[in-house]
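The values are calculated or read from the model by the stated rules, or taken from the named source; none is laboratory data. Just so it is clear, the structure is predicted and the values come from calculations on it, not from any experiment. Glycine gets a Cβ as well: all are built from the backbone with ideal geometry, and neighbour counts include every protein chain shown.
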Amino acid sequence: MELYTPVLALLALAAGFAIFSVAVSTLTGPKRYNRARLDSYECGIEPTPQPFGGGRIPVKYYTVAMTFIIFDVEIMFLVPWAVYFDQLSWFGLIAVVLFLFNITLAYAYEWRRGGLDWD
Amino acid sequence: MIAFWVLAPVMVIAALGILFVRKAVHAALLLAVVMISLAMLYAALEAPFLFAVQIIVYTGAIMMLFLFVLMLVGVDASDSVVETIRGQRVLAVMVGGIFAVLLGVIVGQAGIGTAVGLGAANEGGNIEGLAEVLFSQYVLAFEATAALLITAALGAMVLAHRERLVPRETQADRAAARVRAYGEHGDHLGPLAAPGVYARHNAVDTPALLPDGSPAEQSVPTVISNRGTGRPSPSYRDVDRVVGQLQSRRDDQDPATDTVVEGSGSAARGEDA
Amino acid sequence: MDDVTPFLVLSAILFSIGCVGVLTRRNAIVVFMCVELMLNASNLALVAFAKHHGNLEGQVAAFFVMVVAAAEVVVGLAIIMTIFRSRRSASVDDASLLKY
Amino acid sequence: MNDEFTGPAIEWARLWPLFAVFGTALVGVAVEAFAPRSARCLIQSSVAGVGLAVALVGTVLVALELPERAGGAARGDVTAGGAVVVDGPTVFLWGLLVVVTVGGLLLFAERRVDAGLPVFAGQASLPPGSTAGPGGPGEPSYEDWEHTEVYPLLVFALGGMMLFCASGDLLTMFVALEILSLPLYLLCGLARRRRLLSQEAAMKYFLLGAFSSGFFVYGMALVYGYAGTLNLAGVAVAVRAGGGQEVLLLVGAAMVMVALLFKVGAVPFHSWTPDVYQGAPTAVTAYMAAATKIAAFGAILRFLYVGLGDARWDWAPLLWVVAILTMLGGVVLAVGQTEIKRLLAYSSIAHTGFLLTGVLGLQASGDLAEGQISSLQAVLFYLATYGVATVGIFAVTTLVRDPGGEAGSVARWTGLGRTSPLVAGAFAVFLLSLAGIPLTAGFVGKWSVFASAAGAGAWPVVAVAITSSIIAVYFYVRHIVTMFFADPPEDAPVVVVPSPLTSVTIAVALIVTVALGVVPGPLLDLAGHAGQFVR
């Protein structure tokens, strides 16, 4: 438990700082709200693509989030394999390469269909 | 065990909160509290790898997606408290009853016995132990998970991605189209004027002034002008008034009064700034 | 720390709360969050039992549940989002063309 | 731990149909990625067709080579470290699933019934109602586009189902459950017509399905808590040894069963069935009504017989109640239905009840009289008859169309027997088979499940089953009577002439349904030959 004390202290400090700064800025800052202020940008370029409805984020970025999750999961599978690699040898390598190949196929699909285009 | 007794009440309260908060985004944050606490319990249960996975996959990825979708559909989406299916709450109470039974069952077994503990299994390292199980009994399930992830990718692309009907328009295409429009209809070729930042005002919601004093409406970003946000009309009226003043002075007074007009103009500018 | 019963009780409580949440909440996204709560509670039980039995199968199972949940979330939120875009509401009840 | 790691023995010779199916799906994804749009539909359907044919041939070859076990009472192998069991019932279900999927594939590829347009939405990410592209008529539009992703999704679902009914441990079963469910959730929401209904169906199916999979995981945890292993054979060993916290096992098993019963749509976990069957594109409904039930009953049988066979007297009474509720609920609710697809949905709920009756017929092989039908044999045969008739009947419903889509209302079908006797006749045969009238496959199926349940002493359930069969006959026959003996309405719906894809599906289903009713022997023998589960 002693090992974790510094971590907990840091956590508490970080949380305290976050709460403090948010609270102070809410309490002391000037409050003027209008639609222009709540816009994605107060000034600057027009955001493209436009979000639908009143949302702030265009649905297009869902594919980006999806890609992130898939690679996240993939990495979680790679960790045990990498740690135990010397024991797993060829069997593990083949299993993982097969897995990676499949994931890459999904990625290729997304890329070819323009899921990654930034427009 | 201290960790457990500290975290368990927090988790139960946070979980109960999910039932009662009105806004979905608050529910998501409470769920994140439960998940992070759960990660710490995993650490207490000799599952350091799951501690990391819980944080990275659940809190980092899954909750992120939840919050993302909440932002997408609008954070304010809250549910009505009107009961539409009659007996809904009764059903919920019944489920609460099942909960009580379930709870009773397990507490009734108070002490399912001393835990064997994972000392022996984790001897060569927790991750190594997991890898051994993962790549022996569950290697097929592991490969099958790839199918699941591909399905997820297909689903997200089908439901959230709109494919192009026509090929993507490149910058060169756009430049050519502009020049063509200029050639055929005489449309304005260059970039539009900047908004009125340097004219009379320092915000983008005010149009720039053309040399004749009239507002260049195209200089206001279309986002703002379409939504009618900001302060479009006062500044327009202001321009009209000042232009009118200028004209009337110029028409019937001697040049000396011009300085006065300039003075009032600069005063107005000061106000707006 | 030799007895994992408290962890099991906690997981039972969380699971039941999730269950009640699924049945009472009307916002599809919150309903889905309650399902996630149920899965988390199950994972806690799996990990606690792994410790109880002294083998790692439970932990591997919990790991798989997390991974599967990730894929499920991607698909599920895509469906919920689609219907929201069609109807501009995430309430389960507003989706009522199919009643009776 | 410190020993040298050795990978599990993966018997390719037994598993290759499964890998062939997953491989087909992967090829499908690659086609999605790299083939040009115009060629995609053709390539996809041929890839899927070839893959399914290979899988079917593979299943037959694997079935012929299964080694005998337990003195011939069972045949098969446990492979992949205990995760997959390829035995007689498995290959029987594999064959059945592939056949049903071929039917689904043919319906998926059908274009002629909707004026040359595909069955699925042109662009699912567009809100319903926003039809074309930015341009006017003549400009490019999404109207004739198609999501060819449905083919890999279909094949993935098949792979999940094949793994589901072959899984030897609960974790593999859970992963397989999700692999088969996620594509189906997606497919449900992709209808071209009545998009909102379709999307709602997808959402309901998804939310309730995720809810039930939560139960599966918790049940799995409790069973693991009892047995210390997730392997079904290991659970069986623990059950036989007794001791431990029995209650953990029972609660856990009940929760796993909740999830499995949800998938087959048993009362009280049936509420999704009518909504989803109605909202989903009919091709998808046809496929999943048949295939999900086959796969999930495979898993139910394996879980109950292999894992909990020795705790039979603990679960049988509960299952009695569920079976009775399901049969009565299905037929009673079906009586008042005015939509064809909802009517069929409730009838499928009733069929779940009949199948559960068959599941209740489990007896130790020693108790089985000579020549008596074992419950496994009965259920497998019933699944075959039900699956074929279901695909056929939903295929027929795609043909009767109003201007806005399929003519869903029962009233619209009035007098169809006079205007198009062929379609109405096919529909009537399928209805009679579902009702269990003699000389159709449904009769033999019902008779065999009732006989096996009665043999195991489940008399009350059989009595209820016979009662509800009679009620069911009432509403099936009522429908047939209105089709043939009433005048068609003024604006009668159009009966379209489908392409060979749908016609072949209907024709084959029709022939099989009648043939199995007249000569059920060979298939019954085949189901009997499958033998018991291998532990």
### Task
Taking D:ALA236 as the residue in question, decide whether it is assigned to a helix (DSSP H, G or I), more than 11 Å from chain C (Cβ to nearest Cβ) and surrounded by 24 or more Cβ atoms within 10 Å (Cβ to Cβ).
no
### Query
Of the conditions (1) more than 14 Å from chain D (Cβ to nearest Cβ); (2) at pLDDT below 90, A:PHE68 fails just one. Which one is it?
(2)
### Query
Inside the stretch D:385-457, counting only helices (runs of 4 or more DSSP H) that do not spill past its ends, which hold 3 or more residues that are crowded, with 21+ Cβ neighbours inside 10 Å?
D:421-435, D:441-455
### Filter pass, D:ALA241 being more than 16 Å from the chain's Cα centre (by Cα) and either at the interface with chain C (Cβ under 9 Å from one of its Cβ atoms) or on the phi > 0 side of the Ramachandran plot (or both)
no
### Query
Taking the stretch A:99-119 on its own, how many of its residues are without any contact (Cβ under 8 Å) to a residue 24 or more places away in the chain and either within 12 Å of chain D (Cβ to nearest Cβ) or farther than 20 Å from A:VAL59 by Cβ (or both)?
10
### Query
Can you tell me which residues in the stretch B:28-71 are at pLDDT 90 or above and on the phi > 0 side of the Ramachandran plot?
none
#### Entry: Only listed residue being under 14 Å from B:PHE66 (Cβ atoms), more than 7 Å from chain B (Cβ to nearest Cβ) and either modelled with pLDDT of 85 or more or in contact with a Lys or Arg (Cβ under 6 Å, 6 or more places away or on another chain) (or both), chosen from C:VAL92, C:VAL75, C:VAL35
C:VAL35
### Query
Would you pick out the residues in the stretch D:280-339 that are over 30 Å from D:ALA83 (Cβ atoms), touching a residue at least 12 places away in the same chain (Cβ under 8 Å) and among the β-branched types (Val, Ile, Thr)?
D:THR282, D:THR285, D:ILE324, D:THR326, D:VAL331, D:VAL332, D:VAL335, D:THR338
### Summary
Note on D:ALA378: of the conditions (1) of a type outside the set (Lys, Arg); (2) modelled with pLDDT of 85 or more; (3) in a loop (DSSP other than H, G, I, E, B), unmet is (3)
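Residues checked against (1) outside any helix (DSSP H, G or I); (2) on the phi > 0 side of the Ramachandran plot; (3) in contact with a helix residue (DSSP H, G or I) (Cβ under 6 Å, 6 or more places away or on another chain); (4) at pLDDT 70 or above:
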site: A:LEU3; (1), (2), (3), (4): no, no, no, yes
site: A:PRO6; (1), (2), (3), (4): no, no, no, yes
site: A:GLY16; (1), (2), (3), (4): no, no, no, yes
site: A:LEU27; (1), (2), (3), (4): no, no, no, yes
site: A:ARG32; (1), (2), (3), (4): yes, no, no, yes
site: A:ARG35; (1), (2), (3), (4): yes, no, no, no
site: A:LEU38; (1), (2), (3), (4): yes, no, no, no
#### Entry: Selection from the stretch D:421-477 of residues that are small (Gly, Ala, Ser) and under 15 Å from D:LEU383 (Cα atoms)
D:SER433, D:ALA435, D:GLY436, D:ALA441, D:GLY442, D:GLY445, D:SER448, D:SER452
#### Entry: Check on D:ALA39, in contact with a Leu (Cβ under 6 Å, 6 or more places away or on another chain) and either within 30 Å of B:VAL133 (Cα to Cα) or assigned to a helix (DSSP H, G or I) (or both)
no
### Query
Based on what the data block shows, is B:LEU165 in a helix (DSSP H, G or I) and either more than 7 Å from chain A (Cβ to nearest Cβ) or surrounded by 13 or more Cβ atoms within 10 Å (Cβ to Cβ) (or both)?
no
### Task
State whether the residues of the stretch D:75-87 include one that is under 21 Å from D:GLN377 (Cα atoms) and part of a helix (DSSP H, G or I).
no
### Query
Out of (1) surrounded by fewer than 24 Cβ atoms within 10 Å (Cβ to Cβ); (2) out of contact with any Gly (no Cβ under 8 Å at 6 or more places or on another chain), the odd one out for D:TYR205 is which?
(1)
### Message
I'm checking my understanding of the structure. Among residues of the stretch A:81-98 that are within 12 Å of chain D (Cβ to nearest Cβ) and in contact with an Asp or Glu (Cβ under 8 Å, 6 or more places away or on another chain), which one is nearest to B:LEU72 (Cα to Cα)?
### Response
A:LEU98
### Query
From the list D:TYR224, D:TYR205, D:TYR277, which one is part of a helix (DSSP H, G or I), touching a His at 6+ places or on another chain (Cβ under 9 Å) and farther than 28 Å from D:SER374 by Cα?
D:TYR224
### Message
With the structure loaded, tell me whether B:THR229 is in contact with a Phe, Trp or Tyr (Cβ under 9 Å, 6 or more places away or on another chain), at pLDDT below 75 and outside any helix (DSSP H, G or I) or whether it fails that test.
### Response
no
### Query
Could we say that D:GLY76 is more than 16 Å from D:VAL150 (Cα to Cα), modelled with pLDDT under 85, more than 24 Å from the chain's Cα centre (by Cα) and more than 14 Å from chain A (Cβ to nearest Cβ) here?
no
### Query
Taking D:TYR205, is it in contact (Cβ under 8 Å) with a residue 12 or more places away in the chain and closer than 26 Å to C:ASN27 by Cα?
yes
### Message
Which condition from (1) in contact with a strand residue (DSSP E or B) (Cβ under 9 Å, 6 or more places away or on another chain); (2) modelled with pLDDT of 85 or more; (3) of a type in the set (Ser, Thr, Tyr) is the one that D:SER433 breaks?
### Response
(1)
### Task
Check the stretch D:90-102 and report whether any residue there is within 21 Å of D:VAL119 (Cβ to Cβ) and either in contact with a Gly (Cβ under 6 Å, 6 or more places away or on another chain) or among the small types (Gly, Ala, Ser) (or both).
yes
